[in-house]
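Below you'll find the structure, written out as structure tokens, and then a few comments.
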């Protein structure tokens, strides 16, 4: 797919003419040990169709049994989002035919979600706080996965045949739906990204999901519509799927705004449809057409009994809620005595948890912050990945910091060690050993190098002896060169001055 | 015919457990009987000779070794409706779409039977996916009523009821969504029980209408049904709708009732179950049965359940709605029939072609009705309204049971009709379940016990006894007492009047 400029309207012009309205639907795969309605394991990446049973394959006669841990997770998510928890709710069947759905209906919730009416505060890069309303959070089961073989894009269109893997079928999902997000104007794409980021951080703090967008355990469908400036009636929306990273959320929203604006300005109509985000072009293409709003023939699931969480149970679960990300940020700011700006840099880099973990592993907060916000952020940018996706752990960073503190590495050497870890060369100590990076801290070896350098430049040596201490720099340079940078320059300088007394 | 096939399950169990006869002998006698006459009756879709004999041998080994037998019914043969998944044994639900499907797992009912040492002879014929009242909707041929081979054995569980009446098995399992245990029992002169919804696990019972389906025992005597009820009943963690409570003491109630004393019992006759659709001979037999109950000391009063008149239409919205969803899984992707998987057909086309070829007319009719009733814009008017009727019917039952211990009615408005008589008139077919459906909608237990022969055609009539939820012991007691009085009046068990089928077979 190519994106020609005629297809989209200049972003500034979009904003002159239209107000965007967003609605974000996030699906979260819970990290329960077993599936939503049966005892099958949920591990990611197993051989296809090895984590299945009569229930999740939809064999005739098999019946579902609700996973209690998943219900607990759903309630905790609801509570963390400030939602009301239903005192009585049911599952419902969402009926539609698709080969990756074993029963040809999805057991979900319809008009009786377990949690509803909450909100989530987001902080944008400049510190602006936006409150996003949460419509509902409900429980459902995931579908299997289709693998389309023979087509150019891996999509069903043009495929020769398809393979089905039902390992994912029945994995517990929580779908979290926002209320319409209005009034964000030019910042709509940024708000979308910030929302998914904030939700991800929240879910991670709750320890209910792996929240890996790349593995599909956190998935975002972005609903976008435009309304002409000055009006309040929402336009026709599209739903963009296949948005697999935070950056893609932002790009997809921005693209849809410019595409829809171009259609509207050209006198066209927006079709209510599903659109497919293309990571490589940053554009979206038409998917399933929703000509009439699809009729899923919802009805209450007769194979399951209603869920009626008692007030005591809900309060017990409320007591298990961990420190929320925003509370944690406030505490960290106080503990580490950060300015608002410093905190924001930390947050914007997605580094809060990483820095905290690094500090927990023994580094000072200052060192930890320097590594993640300065050096590693650049590396993440270069690689185009999230900071947390870099192949280095907080413990490894803390170890490098410890080596520096012990004087065994210079800052320059430390960066080389980190590069080695990022390159997959193993633990920091292994990289030091393999690359021979340790600081030469053996004074006798340094004395020899200093003496050699002084002998090689007798005139400089004389100047130092004559009191021109600043001349020592040339000798330091020579020693550093001779030791291939593995000496501690400060120590070298001390030894030079000692020799020249 | 071997005398062993004429005995009740209780009698057989006693002989097997004392070593008087072996379970293998009993099982062989029934397998021989099936071999001799099932070509004529066609009660079975699959006979598991090897599995049955192996199960019988295990019981005989227990008896020989002096080990306690697995249950009061250990070693007794049984016919299982082909709607229960049985690992390694074909399970078709009477449908082409599941022809040759061999489940990789067993239903809870099948497991409990195996664990109890009950010998499963095979799988019985049924209306496709339990939709029908005559077993004519089976994809694998009709079953004939042993009382008159030109007549239907009831449905959907016609195979199970016919196997009992033909002395092919002393016990059978059925499922009852709108009457599929009770109506076949009524027209074959056998006993059929629909337990309280949730009383018998549905795990592995291929769903027709999940909120109505209920498995239950079938037999030739009330006591045998009670013995089987206690084997298959009770809580199952694999079925969320299963009731976590002890099985009501039905065996004790059946034994108590056999004493023929119903003093202190209040019996309600449902006023609404009479009228133009009822056969004269059925109403006459029912009146005699009520008289018999009075004679046993019961106090009989008339009660009104005004909303029962709406049960049939409500049922024909709820059941098809749920069936349209339950049957969606038969799509050729993972198991069962696959049609059109060539010529570059898409998955969607294969699904459509398979369902077109694999489902019969009645199943398609109900899937269509249900799909329509659940559609947005129609949901409230159809499914929603039907659910409200359901609540009203439950309230009718509650009011009635505040006044009486059990309710009675004819089980079905007519005796067995002729094969082919109603195939072109679905509504006439549906009326066979007029009296049985309310108990399904309310989830309450009900049973049919033979109530003599109709004076206009000489065919069996059924007396339906209904009780409040989890009060099965009441209806067993009444049915057993009535059975005692009836046999006294008729000079022996009614079932002995079934014609000799060997003659017909030749």
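The values are calculated or read from the model by the stated rules, or taken from the named source; none is laboratory data. Note that the structure is predicted; figures quoted are calculated from it, not measured. With ideal geometry, Cβ positions are generated from the backbone for all residues, glycine too; neighbour counts draw on all protein chains shown.
Checking the conditions here, which among B:442, B:479, B:469 is in contact (Cβ under 8 Å) with a residue 12 or more places away in the chain and touching a strand residue (DSSP E or B) at 6+ places or on another chain (Cβ under 6 Å)?
Going through B:442, B:479, B:469 in turn, just one is in contact (Cβ under 8 Å) with a residue 12 or more places away in the chain and touching a strand residue (DSSP E or B) at 6+ places or on another chain (Cβ under 6 Å): B:479.
Would you mind telling me which numbered condition in (1) surrounded by 17 or more Cβ atoms within 10 Å (Cβ to Cβ); (2) under 16 Å from residue B:169 (Cα atoms); (3) touching a strand residue (DSSP E or B) at 6+ places or on another chain (Cβ under 9 Å) residue B:107 fails?
(2)
For residue A:80, state whether it is under 26 Å from residue A:245 (Cβ atoms), more than 14 Å from every other protein chain (Cβ to nearest Cβ), without any contact (Cβ under 8 Å) to a residue 40 or more places away in the chain and under 30 Å from the mean Cα position of the chain (by Cα).
It is false that residue A:80 is under 26 Å from residue A:245 (Cβ atoms), more than 14 Å from every other protein chain (Cβ to nearest Cβ), without any contact (Cβ under 8 Å) to a residue 40 or more places away in the chain and under 30 Å from the mean Cα position of the chain (by Cα).
For the stretch B:333-344: of the residues being in contact (Cβ under 8 Å) with a residue 24 or more places away in the chain and within 11 Å of another protein chain (Cβ to nearest Cβ), which is nearest to residue A:57 (Cα to Cα)?
B:335
Please find, within the stretch B:80-107, the residue that is farthest from residue A:53 (Cα to Cα) out of those that are within 11 Å of chain A (Cβ to nearest Cβ) and not in a loop (DSSP other than H, G, I, E, B).
My answer is B:97.
Scan B:485, B:400, B:469, B:479 and give me the residue that is modelled with pLDDT of 95 or more and crowded, with 23+ Cβ neighbours inside 10 Å.
From the options B:485, B:400, B:469, B:479, the qualifying one is B:479.
Away from chain A (no Cβ under 13 Å), without any contact (Cβ under 8 Å) to a residue 24 or more places away in the chain and surrounded by fewer than 24 Cβ atoms within 10 Å (Cβ to Cβ) - does that describe any residue in the stretch B:244-265? Walk me through how you get there before you give the answer.
Step one: filter the stretch B:244-265 for residues away from chain A (no Cβ under 13 Å), giving B:245-265.
Still in the running and without any contact (Cβ under 8 Å) to a residue 24 or more places away in the chain: B:246.
Right, trim to surrounded by fewer than 24 Cβ atoms within 10 Å (Cβ to Cβ) and you get B:246.
Yes, the conditions are met somewhere in the stretch B:244-265.
Please work out which residue is nearest to residue B:338 (Cα to Cα), limiting yourself to the stretch A:51-72 and to residues that are out of contact with any strand residue (DSSP E or B) (no Cβ under 7 Å at 6 or more places or on another chain) and more than 14 Å from chain B (Cβ to nearest Cβ).
Within the stretch A:51-72, the match that is nearest to residue B:338 (Cα to Cα) is A:69.
Restricting to the stretch A:316-341, give me the number of residues that are part of a helix (DSSP H, G or I) and touching a residue at least 12 places away in the same chain (Cβ under 8 Å).
10
Each row is one residue, and each column tells you yes or no for (1) surrounded by 19 or more Cβ atoms within 10 Å (Cβ to Cβ); (2) more than 28 Å from the chain's Cα centre (by Cα).
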position	(1), (2)
A:14	yes, yes
A:32	yes, no
A:36	yes, no
A:50	no, yes
A:60	yes, yes
A:64	yes, yes
A:68	no, no
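Of all residues in the stretch A:95-135 being touching a residue at least 60 places away in the same chain (Cβ under 8 Å), part of a strand (DSSP E or B) and within 24 Å of the chain's Cα centre (by Cα), which is farthest from the other protein chains (Cβ to nearest Cβ)?
This residue is A:123.
Results for (1) surrounded by 24 or more Cβ atoms within 10 Å (Cβ to Cβ); (2) assigned to a strand (DSSP E or B); (3) within 14 Å of another protein chain (Cβ to nearest Cβ), shown as yes or no for each residue.
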| position | (1), (2), (3) |
| --- | --- |
| B:114 | no, no, no |
| B:121 | yes, yes, no |
| B:126 | yes, no, yes |
| B:129 | yes, no, yes |
| B:140 | no, no, no |
| B:153 | yes, no, no |
| B:163 | yes, no, no |
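Any idea how many residues of the stretch B:330-344 are over 14 Å from residue A:164 (Cβ atoms) and under 29 Å from the mean Cα position of the chain (by Cα)?
3
Restricting attention to the stretch B:345-362, report how many residues are touching a helix residue (DSSP H, G or I) at 6+ places or on another chain (Cβ under 8 Å) and more than 12 Å from chain A (Cβ to nearest Cβ).
Number of matching residues: 5.
Limited to the stretch B:363-384, what total is found for residues that are more than 13 Å from chain A (Cβ to nearest Cβ), modelled with pLDDT of 95 or more and surrounded by fewer than 20 Cβ atoms within 10 Å (Cβ to Cβ)? Write out each step before concluding.
The initial filter retains those residues of the stretch B:363-384 that are more than 13 Å from chain A (Cβ to nearest Cβ), namely B:363-366, B:381.
Subsequent filtering for residues that are modelled with pLDDT of 95 or more retains B:363-366.
Next, from what is left, pick out any that are surrounded by fewer than 20 Cβ atoms within 10 Å (Cβ to Cβ): B:364-365.
Of the residues in the stretch B:363-384, 2 are more than 13 Å from chain A (Cβ to nearest Cβ), modelled with pLDDT of 95 or more and surrounded by fewer than 20 Cβ atoms within 10 Å (Cβ to Cβ).
Look through the stretch B:345-360, keep the residues that are without any contact (Cβ under 8 Å) to a residue 40 or more places away in the chain and part of a helix (DSSP H, G or I), and return whichever of them is nearest to residue A:161 (Cα to Cα).
Per the criteria, the residue is B:347.
Could you check, for the stretch A:308-323, whether at least one of its residues is within 14 Å of another protein chain (Cβ to nearest Cβ) and either within 26 Å of the chain's Cα centre (by Cα) or on the phi < 0 side of the Ramachandran plot (or both)?
Yes, some residue in the stretch A:308-323 is within 14 Å of another protein chain (Cβ to nearest Cβ) and either within 26 Å of the chain's Cα centre (by Cα) or on the phi < 0 side of the Ramachandran plot (or both).
Residue-by-condition table, conditions (1) more than 11 Å from the chain's Cα centre (by Cα); (2) more than 14 Å from chain A (Cβ to nearest Cβ); (3) at pLDDT below 95:
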residue: B:178; (1), (2), (3): no, yes, no
residue: B:188; (1), (2), (3): yes, yes, no
residue: B:192; (1), (2), (3): no, yes, no
residue: B:196; (1), (2), (3): yes, yes, no
residue: B:204; (1), (2), (3): yes, no, no
residue: B:215; (1), (2), (3): no, no, no
residue: B:221; (1), (2), (3): yes, yes, no
residue: B:224; (1), (2), (3): yes, yes, no
residue: B:227; (1), (2), (3): yes, yes, no
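If a residue must be under 30 Å from residue A:197 (Cα atoms) and part of a helix (DSSP H, G or I), how many such residues does the stretch A:376-427 contain?
Total meeting the criteria: 25.
Only one of these conditions is not met by residue A:173: (1) surrounded by fewer than 20 Cβ atoms within 10 Å (Cβ to Cβ); (2) closer than 25 Å to residue A:306 by Cα. Which number is it?
Evaluating residue A:173 over (1) surrounded by fewer than 20 Cβ atoms within 10 Å (Cβ to Cβ); (2) closer than 25 Å to residue A:306 by Cα leaves (1) as the failure.
Within the stretch A:50-69, identify whether any single residue is at pLDDT 95 or above and under 24 Å from residue A:244 (Cα atoms), and answer yes or no.
Within the stretch A:50-69 (the criterion being at pLDDT 95 or above and under 24 Å from residue A:244 (Cα atoms)), the answer is no, since none of the residues qualifies.
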